[in-house]
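*Asks:* Below you'll find the structure I mean.
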C-alpha cells in the first residue's frame, strides 16, 4: 500500500470548481494550485472530508492531478496547505 510523501507547505489555490448534489447544495473543490513556482491542475473529481476537533474545523481534499499523482490538501482558517503527495515525489 502506497503512502503519502509528506510536504506540509502552504500553497495558493488559483481556481476552483463546484459540484451540486441532489439537494441543490454546491460544494467547492480546488482546481489548480501553485507552490514553489510549480502549477498543478486537478481532474474534476476529488474526495472532501470535514474534520472537527473541539472548536477547530478543517477540510481535507484528496485530488487527482493531471500528472497521475494524488495530492492531499488541507483548508484551515482560510489557509491552504499541501499535506502530501502520493504516486511520486515532487
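Every read-out reported here was derived from the displayed coordinates using simple, explicitly stated rules and does not represent laboratory data. These numbers were taken from a predicted model, which means no experiment stands behind them. Backbone-built Cβ (ideal geometry, glycine too); neighbour counts: all protein chains shown.
*Asks:* Please tell me the relative contact order of the chain in percent, rounded to the nearest whole number, where contacts are Cα pairs under 8 Å and at least six residues apart.
*Replies:* This gives 28 percent for the chain.
*Asks:* Here is a further query. For the chain, set up a GNM with springs between Cα atoms under 10 Å and report which of 38, 77, 25 has the largest fluctuation.
*Replies:* Maximum fluctuation in the GNM of the chain, among the listed residues, is at 25.
*Asks:* Okay, moving on. Most mobile of 16, 42, 29 per a Gaussian network model of the chain (Cα springs, under 10 Å)?
*Replies:* Sorting by GNM fluctuation, first place goes to 16.
*Asks:* Then there is this: Can you tell which of 45, 53, 79 shows the greatest fluctuation in a Gaussian network model of the chain with Cα springs below 10 Å?
*Replies:* Fluctuation is largest for 53.
*Asks:* Using 7 Å Cα-to-Cβ label points, what is the residue 23/residue 6 separation (nm, one decimal)?
*Replies:* About 3.6 nm separates the two model spin labels.
*Asks:* Here are labelled values, (1) 1.60; (2) 1.03; (3) 1.08, and one is the computed Cα Rg over 2.2 N^0.38 Å for what I pasted. Which one?
*Replies:* (3)
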